[in-house]
Every structure is written in C-alpha cells, then in structure tokens.
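The values are calculated or read from the model by the stated rules, or taken from the named source; none is laboratory data. Treat the numbers as computed from the prediction; the structure is a model and nothing was measured. With ideal geometry, Cβ positions are generated from the backbone for all residues, glycine too; neighbour counts draw on all protein chains shown. Surface accessibility is based on the protein's heavy atoms, side chains included, excluding ligands, DNA and RNA. Shrake-Rupley method; radii C 1.70, N 1.55, O 1.52, S 1.80 Å.
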Amino acid sequence: MSLRVRFAPSPTGALHIGGARTALFNWLLARGSGGQLVLRIEDTDRERSTDENVAQILDALDWLGIDYDEGPIFQAERAERHREMLQRLLDDGHAYRSNATADDVKAFKAEHGGRGFRGEPEADGAVRLRVPDDGATVVHDVIRGDTRFEHVHLDDPVIARADGSVLYNFAVAIDDLDAGITHVVRGEDHLSNTPKQLLVLEALGAEPPTYAHLPLLHGPDGKKLSKRHGAASVQELRDAGYLPEAVRNYIALLGWSLDDSTTIMSDAEMIAGFDLARVSKSAAVFDEQKLRWLNGRYLRELPPAELAARLEALLGRGGLEQAAELAQEKMQTLAEFWPLAGFLVERQPYDEKAWAKVMRDGARDDLAAARDAIAAAEPFDVETVEAALRGVVEARGVKPRAVFQPLRVAISGSTISPGIFESVVALGRDETLARVDDALARA
RNA sequence: GGCCCCGUGGUCUAACGGUUAGGACAGCGGCCUUUCACGCCGCAGGCGGGAGUUCGAUUCUCCCCGGGGCUACCA
C-alpha cells in the first residue's frame with residue numbers, strides 16, 4: 001500500500017510557521033514516496049472556524065508551493081458519517097451518554113486519588129468513550145519510540161457534544177481511517193491526544209496508522225510560538241519579503257537535517273533526503289536572523305527578470321528590473337528593495353541625518369566638480385562615468401568618499417545605495433544632473 | 001496538581017560508547033571596498049547537574065533540575 005499522509009489544520013487562525021512546517025514535512029514525505037497528501041480542514045469547532053481563515057490557509061499553502069492530491073476535505077461536512085460511527089460505539093457499549101461536567105470530573109478525580117474519570121451511562125448528555133480500567137495504550141511513534149499511557153490515568157474522553165456533534169479526538173480518528181491515512185505526522189502537542197484516538201480506533205476494531213509527532217516550534221523567548229513573536233504567520237512572512245523557496249528550506253531545517261553539513265537544499269534534495277527517522281525530538285526556536293540570511297542567499301541566485309517580477313508582485317508596480325539588478329546583491333528580503341533602490345524609480349526625500357553627515361566642509365565644491373564630470377562624460381556608460389568621477393577624486397586630491405558620498409546623497413537621499421556609477425547611469429544624465437543641481441542649491 | 005515529551009555554544013543542528021565534540025546563523029576581528037551589503041579569512045562560545053553501567057560516556061540506566069505539551073461538550 002502506498003503512503004498516504006494528511007495535513008489537517010484547524011481554521012481558527014492564519015497558518016503559522018509551525019503549521020507550515022508540519023505541512024511541508026507531510027508534503028516531503030508524500031512527494032518522496034510517490035504517495036498522496038490529503039488536505040483536511042478541521043472545522044468541527046463551528047464557533048471558531050471561519051471561511052476567511054480557510055481561505056488564508058489555502059492561500060498560504062499555495063504561496064509556499066505545497067500542493068495536495070486530495071481535498072480540501074471539510075470535517076464538518078462529514079457530520080453524518082461521524083454520527084453513524086458514534087451511534088455504533090453507543091450501540092455496542094464502547095461509548096455512553098453522560099451529563100458529568102468538568103467540575104464533576106474534577107471531583108471524581110479528587111475522590112479517587114487522581115484516577116481517570118469514569119462516568120455512569122445516562123439517558124442523555126454528551127457522549128464519552130469508555131476507557132478500559134486496566135491496561136495501557138502504547139503510542140508507537142516513529143520519532144519518539146513508544147510512549148505508554150496507563151488507562152487508570154485517562155479520563156473517559158468526551159467525543160461528542162450533547163447535540164450529537166462530534167469532537168476533535170473522535171472526528172480525527174474516523175477521518176484518518178476513512179481517508180486511508182497510513183502515517184499521521186503532526187505536532188507534538190497532539191501526543192497526549194493520540195491514546196484517545198487509538199482507543200476510538202480500537203473500539204471500532206480498526207487498525208491504527210503509524211504516528212510521528214514533530215517537535216514543537218518556540219519563539220525567541222522559548223515559549224510556544226504565537227502571533228506575538230513577530231513574523232509568525234505565512235502571510236506575514238510573504239509581506240516581509242521572504243521567498244517561498246527560502247521559507248521552505250528554512251523550516252525544513254527546523255527539527256530536521258539532511259546530513260551533518262548541508263544548509264541550503266533544493267526541493268529535489270529535500271524530497272529525496274527527507275526521513276522521519278532523522279527528525280529531532282526537541283523543540284526548535286524560530287530564528288528570523290537565519291531566515292533572513294538564507295533568504296538573501298536565494299535572492300542573489302534569482303535571475304534579474306525573476307527578481308523584478310517578484311518585487312513587482314509585492315510592490316504592485318512595474319518597471320523595476322534595472323533597479324532590481326543593481327540592488328540584488330545588497331538585499332536580504334524583497335522588502336529591503338525600496339529603501340535601498342527606490343530612488344532609482346522615483347525621487348526620494350533626503351535623509352536629514354545623511355545630509356548633515358555628508359554635506360559639510362568642502363562637500364559642495366566636490367559635488368560641483370562631480371557634476372561637471374558627469375555632464376561631460378561621453379558616452380554615458382558605467383565605464384566612462386566611473387573614469388570621470390575617479391578623475392575628479394584624483395584632481396582634487398581627496399579620498400574617493402569625499403566625492404562619492406555627497407553625490408550619493410544628492411541622487412539617492414541616503415548614504416546607502418547600490419554602486420554609485422551604476423546608479424548614476426541607471427538614473428540617466430538629465431535626472432542625475434537635476435538632482436545634483438537641487439542638492440547644490442540646498443547646500 | 002496529574003499524565004506525557006524534551007535537554008549539545010545565544011539560535012538551528014551533526015555525532016547513534018572511543019572525534020582536538022563537526023557545520024550553519026548571529027557575535028567579534030581582519031581582508032576586499034565609493035557607502036551599505038556580498039564574498040573571503042580568522043577568533044570566541046557547547047555536551048543542565050549528580051549517581052551508576054563500562055576499560056572508556058555527549059551517547060546507556062536512574063534521580064534531580066530546567067523547558068515544553070496535554071489535562072475543554074477547542075483543535
């Protein structure tokens with residue numbers, strides 16, 4: 001039987017980097033084995049699930065380049081099937097109705113020395129799965145080995161509300177079973193839920209899938225990753241100017257490694273090399289610094305036309321290719337493009353600190369000399385402009401920066417820009433002179 | 001509190017009883033240089049603690065400590 005995995009996000013929020021990592025690992029597994037990836041939306045919590053979130057998740061997966069073979073399957077639409085299975089458990093005594101409240105459960109445990117809650121069947125109420133008093137349920141996990149859960153400690157879990165709508169731990173077991181899922185790969189926060197799902201499967205007489213619980217992702221403060229940790233959602237990553245291929249590569253490294261030295265990997269390498277057995281057991285911290293670095297590496301590899309296309313999509317404007325090419329080697333994210341090279345597209349206001357720092361002493365004279373050189377450069381190409389400007393430096397007997405920095409501030413408004421000769425040529429003689437003249441007038 | 005998982009430099013990780021504990025990001029220093037970056041070179045920094053097993057423990061066992069997850073008629 002071929003491998004079938006699933007990614008089953010709950011649409012109670014945007015897709016976060018942890019969910020993206022889970023999706024990626026499942027995808028790598030499917031693509032590396034000729035198996036299938038099923039997308040299932042776990043929306044049984046009607047209160048918190050929204051269409052907007054579903055759309056966001058789908059959009060995030062699409063942007064990440066993670067495609068699926070089946071789905072999306074909406075769990076809520078399977079209610080009838082869930083009810084049918086629920087009734088089966090009720091009929092054969094594996095489940096019972098109970099009106100016990102959370103407080104009742106607490107009281108029971110207090111009274112019975114912390115033992116798991118066992119209720120008495122009632123005519124109505126929520127449905128609880130009956131957990132055997134003796135024995136234990138062992139979770140065989142590919143990553144963590146065996147984990148044993150003694151039944152005495154387990155409460156009879158509520159698997160359906162009083163109105164008959166089913167709860168997560170029940171729905172997941174049924175849906176994975178019906179979808180023919182062979183490997184359940186999900187976050188470690190589900191490890192404690194697994195015995196409940198195993199018990200449901202057992203009550204149904206079904207074979208359980210293979211499980212693999214991925215280590216959790218934490219924020220820089222060591223706490224569970226959340227919105228407070230900055231660019232945590234996939235959409236935010238996109239808006240911050242990260243490339244999907246860089247994000248894929250980066251998150252693949254969170255809890256997994258190809259070998260002892262590989263950091264940058266193509267999708268093909270990841271797919272071919274991914275192995276659950278090499279997934280780490282300990283939680284990882286999302287480190288945006290490293291993502292930035294990795295993103296920069298990918299950015300520099302992009303053909304200029306492709307880089308321009310990505311920038312144009314992000315910024316919503318065209319005609320960026322020339323500027324993109326000049327800025328490429330200095331960017332780590334797409335978002336850094338505009339502050340760095342926006343002046344090549346449209347004039348930017350002066351950064352007053354930059355102006356104050358550069359426009360002093362003989363700066364005006366140096367700039368004026370540079371202006372004349374630029375005005376006379378013929379032909380107007382990088383080579384000639386560079387020669388002309390270096391000639392100014394030589395003639396005036398100053399440091400190169402004495403001439404280049406005022407010129408840089410004059411045309412870009414900032415002390416930071418792509419190469420000055422390339423920038424001047426990209427801007428064109430007329431525009432350059434116009435900006436220099438304005439700066440001269442201001443100095 | 002109960003149950004469960006985890007523990008290699010600041011961060012991501014390699015090592016599956018014997019290595020000068022390897023790589024990457026960040027940091028620091030240098031080179032390059034028109035700015036900022038990139039790139040290159042170098043430096044610093046780690047096995048949470050304690051017992052035990054063993055000729056020998058980062059690696060195996062136990063205890064402690066630390067972090068995390070679950071403990072909903074959420075997922």
What about A:ALA136, is it surrounded by fewer than 19 Cβ atoms within 10 Å (Cβ to Cβ), over 28 Å from A:LEU217 (Cα atoms), near RNA strand B (Cβ under 7 Å from one of its atoms) and not hydroxyl-bearing (Ser, Thr, Tyr)?
no
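So which residues in the stretch A:25-37 are in contact with a Phe, Trp or Tyr (Cβ under 9 Å, 6 or more places away or on another chain) and either open to solvent by less than 10 Å² (accessible area, probe 1.4 Å) or on the phi > 0 side of the Ramachandran plot (or both), if there are any at all?
Of the residues in the stretch A:25-37, the ones in contact with a Phe, Trp or Tyr (Cβ under 9 Å, 6 or more places away or on another chain) are A:25-32, A:36-37.
A:PHE25, A:ASN26, A:LEU28, A:ALA30, A:LEU37, listed by residue number.
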Among helices (runs of 4 or more DSSP H) lying entirely in the stretch A:181-283, which contain 1 or more residues that are near RNA strand B (Cβ under 9 Å from one of its atoms) and either out of contact with any Pro (no Cβ under 6 Å at 6 or more places or on another chain) or open to solvent by 60 Å² or more (accessible area, probe 1.4 Å) (or both)?
A:194-203, A:244-252
Can you tell me which residue in the stretch A:365-381 is nearest to A:ARG317 (Cα to Cα), limited to those that are without any contact (Cβ under 8 Å) to a residue 60 or more places away in the chain and assigned to a helix (DSSP H, G or I)?
A:ALA375
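Could you check the stretch A:113-152 for strands (runs of 3 or more DSSP E) lying wholly inside it with 2 or more residues that are of a type outside the set (A, V, I, L, M)? Break it down stepwise before answering.
On the way: elements: A:126-129, A:136-141, A:145-150.
Filter on the stretch A:113-152 gives A:136-141, A:145-150.
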Need pairs with beta-carbon distance below 6 Å; first residue touching a residue at least 24 places away in the same chain (Cβ under 8 Å) and within the stretch A:338-364, second small (Gly, Ala, Ser) and open to solvent by 30 Å² or more (accessible area, probe 1.4 Å); sequence gap 6+ or separate chains.
A:MET359/A:ALA443; A:ARG364/A:ALA443
Restricting to the stretch A:82-103, count the residues that are more than 9 Å from RNA strand B (Cβ to nearest atom), in a helix (DSSP H, G or I) and open to solvent by 70 Å² or more (accessible area, probe 1.4 Å).
6
Residues of the stretch A:104-133 being open to solvent by less than 80 Å² (accessible area, probe 1.4 Å), within 11 Å of RNA strand B (Cβ to nearest atom) and of a type in the set (Lys, Arg), which ones?
A:LYS109, A:ARG128
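So how many residues does the stretch A:69-81 have that are open to solvent by 60 Å² or more (accessible area, probe 1.4 Å), in contact with a strand residue (DSSP E or B) (Cβ under 8 Å, 6 or more places away or on another chain) and in contact (Cβ under 8 Å) with a residue 60 or more places away in the chain? Show your work before the answer.
Of all residues in the stretch A:69-81, those open to solvent by 60 Å² or more (accessible area, probe 1.4 Å) come to A:69-70, A:77, A:80-81.
Next, only the ones that are in contact with a strand residue (DSSP E or B) (Cβ under 8 Å, 6 or more places away or on another chain) stay: A:69-70.
The next check asks that each one be in contact (Cβ under 8 Å) with a residue 60 or more places away in the chain; those that pass are A:70.
Here the count works out to 1.
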What residue, among those in the stretch A:160-180 that are within 13 Å of RNA strand B (Cβ to nearest atom) and among the aliphatic types (A, V, I, L, M), is nearest to A:ARG128 (Cα to Cα)?
A:ALA160
Identity of the residue in the stretch A:327-353, farther than 17 Å from A:SER423 by Cα and polar (S, T, N, Q), that ends up least open to solvent (accessible area, probe 1.4 Å)
A:THR333
Checking A:ALA324 against (1) among the aliphatic types (A, V, I, L, M); (2) buried (at least 19 other Cβ atoms within 10 Å of the Cβ); (3) in contact with a strand residue (DSSP E or B) (Cβ under 9 Å, 6 or more places away or on another chain), the condition it does not meet:
(3)
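So in the stretch A:43-68, with the set limited to residues that are assigned to a loop (DSSP other than H, G, I, E, B) and at pLDDT 95 or above, which one is least open to solvent (accessible area, probe 1.4 Å)? Walk me through it before giving the result.
Our first condition is that a residue be assigned to a loop (DSSP other than H, G, I, E, B); within the stretch A:43-68, this holds for A:43-50, A:65-68.
Those still in the list that are at pLDDT 95 or above too: A:65-68.
Details: A:GLY65: 36, A:ILE66: 9, A:ASP67: 78, A:TYR68: 72 Å².
The qualifying residue least open to solvent (accessible area, probe 1.4 Å) is A:ILE66.
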